[in-house]
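Undergrad: Here it is: the structure, laid out below.
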Amino acid sequence: SAKNESRGTYRFFERGMDSRLCARRQLEEDLRVAIREGQFEVHYQPLLDASTGTIRCCEALVRWRHPSRGLVAPADFIATAEDSGLIIPIGEWVLRQACQDAATWPADVRVAVNVSPAQFKRGDLIAMTVSALSAAGLEPTRLELEITEAVLLHDETWVLSALKQLTALGVRIVMDDFGTGYSSLNYLRRFPFNKIKIDRSFVADLVDTPDAFSIIQATILLSQKLGMEVTAEGVETPEQMQILTDEGCTQIQGYHVSRPVPAAGIAGLLDVYNFECRSRAQSAG
Ligand code: C2E
Ligand code: MG
Ligand code: MG
Ligand code: MG
């Protein structure tokens, strides 16, 4: 019958269709539902200030609370969100949520938010940032935007002007995953970064690979010479932390300090961490 024929046709196309494309379409559709239904959450990972032992910044990391798959990591949906343009509404939601959460933290703790290249291309990143800050009542100086070198590959003139406007507002600009992209050194010269984050692949190889250690040393020196802060990402062991602190990293981020935690847990973590540090300082002094 016609019905069977069309089912057959559908099966034919289904089998013939690139299964990855099919999975991508499904993921896109699920992401649209997730945006509509508010299935995203922001978790926060603290950055330990090496000189004071306190937490002065937490990085916002998006998670997807999928109704059947559970908590989905960004690696499983950010690329599709970027390709489909859905990163625009997701990124805006994360920025607004992160500003609201940070407004409840002590005033000496900043929040860092990751920004995708597509968010820069859209052109209203600055207006959106201003709006998110004022809606939350958060000082611009308490916001850091983390960008990767991929952002800089697009329209350099526009990106440079956007970064300068954000800097003029008091927002801090951070180069994420440093060392993994192209022309890193040239970008450091041309863009007003406040901080460099050394990619965790270098940190992972730090102890066993002299080359990784040398690259980290050189990056720290470079950041000092350029007057930028430097964070090491993916610090998992006390040994890595010791070396990185000795070498002059200003901040340490990684499972050794804390895994990312849900928003509800961060205030308590900050309290315990920064309070214990104050107590240690008092009993020492
Ligand atoms: P990223 O910005 O470089 O964030 C650091 C990633 O390293 C996070 O993964 C964090 O959980 C993980 N990490 C932290 N410490 C350790 C450690 O000691 N060991 C290991 N193995 N990993 C560690 P996550 O949360 O899965 O995020 C992955 C990437 O997804 C982020 O890398 C960022 O590029 C992107 N991302 C996350 N949230 C957002 C967002 O809201 N917007 C955009 N555009 N991208 C985001
Ligand atoms: Mg980041
Ligand atoms: Mg990174
Ligand atoms: Mg990364």
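Undergrad: Filter region 80-123 down to residues that are open to solvent by less than 60 Å² (accessible area, probe 1.4 Å) and of a type in the set (D, E, K, R) and give me whichever is nearest to the chain's Cα centre (by Cα).
TA: Step by step, filter region 80-123, then rank; the result is 92.
Undergrad: Now a separate question. Looking only at residues that are touching a residue at least 12 places away in the same chain (Cβ under 8 Å) and open to solvent by 30 Å² or more (accessible area, probe 1.4 Å) in region 51-70, which one is farthest from residue 267 (Cα to Cα)?
TA: My answer is 67.
Undergrad: Can you confirm whether region 133-144 contains a residue that is closer than 30 Å to residue 241 by Cβ, buried (at least 21 other Cβ atoms within 10 Å of the Cβ) and basic (Lys, Arg)?
TA: Yes, region 133-144 contains a residue that is closer than 30 Å to residue 241 by Cβ, buried (at least 21 other Cβ atoms within 10 Å of the Cβ) and basic (Lys, Arg).
Undergrad: For region 152-168, what are the residues that are of a type in the set (A, V, I, L, M, F, W, C) and open to solvent by 70 Å² or more (accessible area, probe 1.4 Å)?
TA: The answer is 153, 158, 168.
Undergrad: Let me ask something additional. May I ask you to say which residue of 136, 112 is away from ligand 3 (no atom under 16 Å from the Cβ) and either among the aromatic types (Phe, Trp, Tyr) or in contact (Cβ under 8 Å) with a residue 40 or more places away in the chain (or both)?
TA: Only one candidate passes the filter, namely 136.
Undergrad: A further question on this structure: Could you tell me how many of the residues in region 33-50 are surrounded by fewer than 16 Cβ atoms within 10 Å (Cβ to Cβ), hydrophobic (A, V, I, L, M, F, W, C) and part of a loop (DSSP other than H, G, I, E, B)?
TA: Residues in region 33-50 being surrounded by fewer than 16 Cβ atoms within 10 Å (Cβ to Cβ), hydrophobic (A, V, I, L, M, F, W, C) and part of a loop (DSSP other than H, G, I, E, B): 0 in total.
Undergrad: Within region 156-174, can one find any residue that is within 16 Å of ligand 3 (Cβ to nearest atom) and over 30 Å from residue 53 (Cα atoms)?
TA: Within region 156-174 (the criterion being within 16 Å of ligand 3 (Cβ to nearest atom) and over 30 Å from residue 53 (Cα atoms)), the answer is no, since none of the residues qualifies.
Undergrad: Filter region 215-262 down to the residues that are open to solvent by 20 Å² or more (accessible area, probe 1.4 Å), part of a strand (DSSP E or B) and within 16 Å of ligand 3 (Cβ to nearest atom) and list them by number.
TA: Answer for region 215-262, where residues must be open to solvent by 20 Å² or more (accessible area, probe 1.4 Å), part of a strand (DSSP E or B) and within 16 Å of ligand 3 (Cβ to nearest atom): just 229.
Undergrad: I would also like to ask the following. Any idea which of (1) modelled with pLDDT of 95 or more; (2) of a type outside the set (Lys, Arg); (3) within 16 Å of ligand 3 (Cβ to nearest atom) is the one residue 97 doesn't satisfy?
TA: Status for residue 97: all satisfied but (3).
Undergrad: With respect to residue 181, is the statement that it is in a loop (DSSP other than H, G, I, E, B) and free of Cβ contacts under 8 Å to residues at least 24 places away in the same chain true?
TA: Taking the combined requirement at face value, the residue does not satisfy it.
Undergrad: Restricting attention to region 177-206, report how many residues are among the basic types (Lys, Arg) and over 22 Å from residue 234 (Cα atoms).
TA: Matching residues across region 177-206 total 2.
Undergrad: Also: Restricted to region 192-211, and to residues that are hydrophobic (A, V, I, L, M, F, W, C) and open to solvent by 10 Å² or more (accessible area, probe 1.4 Å), which residue is nearest to ligand 2 (Cβ to nearest atom)?
TA: Out of the qualifying residues, it is 193.
The values are calculated or read from the model by the stated rules, or taken from the named source; none is laboratory data. Computed from a predicted structure; not experimentally measured. Every residue, glycine among them, receives a Cβ derived from its backbone with ideal geometry; neighbour counts consider all protein chains shown. Just the protein is used for accessible areas: all its heavy atoms, side chains included, with ligands, DNA and RNA removed. Shrake-Rupley method; radii C 1.70, N 1.55, O 1.52, S 1.80 Å.
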